[in-house]
Structure formats: C-alpha cells, structure tokens
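Please see the structure below; I have some questions.
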Amino acid sequence: MTSNTAPQDAAVADRTTLAGKAYADGRHLAARQSIYRWQHPQYDLPGLVTEELAEVNGTVLDIGCGNGKFVSRLHQERPDLRVVGVDISAGILADVAKPVLVADAQALPFTDGIADAMLALHMLYHVRDIAATVKELARVLRPGGLLVASTNSDADKRELDQLWARAAGDVLGVPEGPARVSLSSRFSLEKAPAFLAAEFSDVRVRELPGIIEVTDPAPVVAHLASYDAWAEQGGVPFQETVVRAQEIVAEAIANEGCFRISCRGGILVCAS
C-alpha cells in the first residue's frame, strides 16, 4: 500500500478544510459515527464520559465538540454542570445546545484554571501542534481537574484501509492503490499517552475493542464517502473508488453473509 503521509497529515490539520468542508455541518461526522450502530459489543461513549465526570462539579469545556453528542448527554444527565461546547466550525455548532463558542483549541479564549474538566474527544489529531495544544488544555484546566480525551488505535478499521487500497487499485488499474487518509494516526491510541503525559501527572487508558458486522454496504459507503473533504489527498478518483468499494463489500456480503471491520478505540482520562 503506497502512502505519503506528510501532505495527508497537513490536510487533516488544515483549519480551512476542517471549518469549511469536513465539519462545515454535522453530516460527515454523523456518517462516521453511524457505523458504530453495527458494532458489538456496543459502547455508550457519551455515557462512559459522563461516568468519568461523576466527581466533577463546576465548568466543563468540550473542546472540538462537533455535533454536540457529549454536550447533549451532559445537559441531560448533569444539569448541575456548566457545559460549554467549543469548536473551530461555526456551522457545526448551529444545532449544539448553548452555550457554545467558536474557537481554536490551540489558542483558547479562557483564563488559566477556569475549567474543572475538559473533553477532547476524537479531535486532537486535527490540531496543527498537538504538544502545544495539550499544554493549552492543561493551562485552562484547574489544578486537580480532569481531562478526558479519545482516539482510535493505529490498528483500528484495518479492513477499511485494505478495502480502500483494493478499490483504488482497481480504479487505477494497479495491484494496490494509495492508502486512504487516516484521521487519527497523528494522535493514535499508541501515541496519545506520551503527548498527554508531558502535561498530566496521571494518564489512564481504557481500550474499547469491538467488531462491526454489516449486511448492507450502505454504512461502509457512507463512512468512506464522509472523507471527501480530503479527496485530493487520496491520489485516486474519489467517487469512483467509493463506488468500487461498494461493489467489493456487496460481493463479500453475498459470499460470506456480512462484511466485518475490527475496531479499536479508547478513552484517556488524565489528572492534572
């Protein structure tokens, strides 16, 4: 599988791409989230995060809150908390429960130690300088506060990587096509503890492995298509590759009864 990660890494962290295309609204994020409906075991990630905040009182900042799944859960289950959703994209914040704020995680408009807890869920791989952003999160968090982050393993959804390479190869007429863009590789479950340990005294990792089994290509196609903000980095005609991937998945389902994807994500709970 051929790969040139430097341009892809730059694109994954490009502010214009993030705010203007990838997360201009919640559609693409929702498509990536929806594939987990077919995962077993099932994990209630907003519920797990809420549990981690059981002893927290005061202000919680959800940095890179996206479509507000975690903000909504905290409003429902912890109305005593002051929860603020923060994201780089004004568009994706339109339907998130208020209060919300448009801001860059690398330069947060908050005074030192204002937050009792902070969330950075599946977003630290999108910042240009991960180490500096972790330092910024630690600045805003009060001494003794809690940071909950999340990401995926380098081994997460390898079957989709293989599917994309095969489909891209078929489109290009070569044995194996270019690798698909990886969002989490810059801050994967393997790399994240070292970044976080630079600013936090205690980092606890909770892995959440599972298997996705689909009997219809649609969820896989929606997931792959949700990466179209980075289509130019793929090195292959994007839509044609998605269509070819759909054909491959349909064939696998016809022959084997389902298409399987191994998942490995996790949350990291950090004490300041």
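Filter region 248-272 down to residues that are among the charged types (D, E, K, R) and touching a residue at least 60 places away in the same chain (Cβ under 8 Å) and give me whichever is farthest from E199 (Cα to Cα).
If we take residues in region 248-272 being among the charged types (D, E, K, R) and touching a residue at least 60 places away in the same chain (Cβ under 8 Å), then R260 is farthest from E199 (Cα to Cα).
Tell me, which residue of region 160-180 that is closer than 17 Å to C263 by Cα and touching a helix residue (DSSP H, G or I) at 6+ places or on another chain (Cβ under 9 Å) is surrounded by the fewest Cβ atoms within 10 Å (Cβ to Cβ)?
For region 160-180, the residue satisfying everything is L160.
So, one more: Determine which single condition A120 fails, assuming it passes every other condition in (1) under 20 Å from the mean Cα position of the chain (by Cα); (2) over 18 Å from S272 (Cβ atoms); (3) not basic (K, R).
Condition not satisfied by A120: (2).
Among what's in region 106-139 and is touching an Asp or Glu at 6+ places or on another chain (Cβ under 7 Å) and closer than 17 Å to L196 by Cα, pick the residue that is surrounded by the most Cβ atoms within 10 Å (Cβ to Cβ).
Among those that are touching an Asp or Glu at 6+ places or on another chain (Cβ under 7 Å) and closer than 17 Å to L196 by Cα, it is L119.
Results for (1) within 21 Å of R206 (Cβ to Cβ); (2) in contact (Cβ under 8 Å) with a residue 60 or more places away in the chain; (3) among the small types (G, A, S), shown as yes or no for each residue.
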residue: G66; (1), (2), (3): yes, no, yes
residue: H75; (1), (2), (3): no, no, no
residue: V83; (1), (2), (3): no, no, no
residue: A90; (1), (2), (3): no, yes, yes
residue: P99; (1), (2), (3): no, no, no
residue: T111; (1), (2), (3): no, no, no
residue: V134; (1), (2), (3): yes, yes, no
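Additional query: Can you tell me which of R204, R158 is more than 18 Å from P7 (Cα to Cα), basic (K, R) and in contact with a Ser or Thr (Cβ under 7 Å, 6 or more places away or on another chain)?
Selected residue: R158, the only one of R204, R158 that is more than 18 Å from P7 (Cα to Cα), basic (K, R) and in contact with a Ser or Thr (Cβ under 7 Å, 6 or more places away or on another chain).
Residue-wise test of (1) among the hydrophobic types (A, V, I, L, M, F, W, C); (2) out of contact with any helix residue (DSSP H, G or I) (no Cβ under 7 Å at 6 or more places or on another chain); (3) at pLDDT 95 or above.
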site	(1), (2), (3)
L196	yes, no, yes
R204	no, yes, yes
A218	yes, yes, yes
A225	yes, no, yes
E232	no, yes, no
E240	no, no, yes
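Looking at this structure, is G58 within 18 Å of the chain's Cα centre (by Cα) and either of a type outside the set (D, E, K, R) or surrounded by fewer than 21 Cβ atoms within 10 Å (Cβ to Cβ) (or both)?
no
Yes or no: L45 closer than 22 Å to N152 by Cα and surrounded by 13 or more Cβ atoms within 10 Å (Cβ to Cβ)?
So L45 passes the test.
With respect to I211, is the statement that it is loosely packed, with under 15 Cβ neighbours inside 10 Å, at pLDDT 95 or above and farther than 30 Å from T133 by Cα true?
Taking the combined requirement at face value, the residue satisfies it.
Which ones in region 211-262 are over 23 Å from D14 (Cα atoms) and of a type in the set (S, T, Y)?
The answer is T215, T241, S262.
So which residues in region 134-146 are out of contact with any strand residue (DSSP E or B) (no Cβ under 8 Å at 6 or more places or on another chain), part of a helix (DSSP H, G or I) and of a type outside the set (D, E, K, R), if there are any at all?
Once the filter is applied, which keeps residues that are out of contact with any strand residue (DSSP E or B) (no Cβ under 8 Å at 6 or more places or on another chain), part of a helix (DSSP H, G or I) and of a type outside the set (D, E, K, R), region 134-146 yields only V134.
From the list A222, A254, A194, which one is surrounded by 14 or more Cβ atoms within 10 Å (Cβ to Cβ) and of a type in the set (G, A, S)?
None of the others qualify; the one that does is A222.
I'd like to check something: does region 6-26 contain any residue that is under 29 Å from R158 (Cβ atoms), buried (at least 18 other Cβ atoms within 10 Å of the Cβ) and among the polar types (S, T, N, Q)?
So far as region 6-26 goes, yes, one or more of its residues are under 29 Å from R158 (Cβ atoms), buried (at least 18 other Cβ atoms within 10 Å of the Cβ) and among the polar types (S, T, N, Q).
The values are calculated or read from the model by the stated rules, or taken from the named source; none is laboratory data. All values reported here derive from a predicted model rather than from experimental measurement. Glycine gets a Cβ as well: all are built from the backbone with ideal geometry, and neighbour counts include every protein chain shown.
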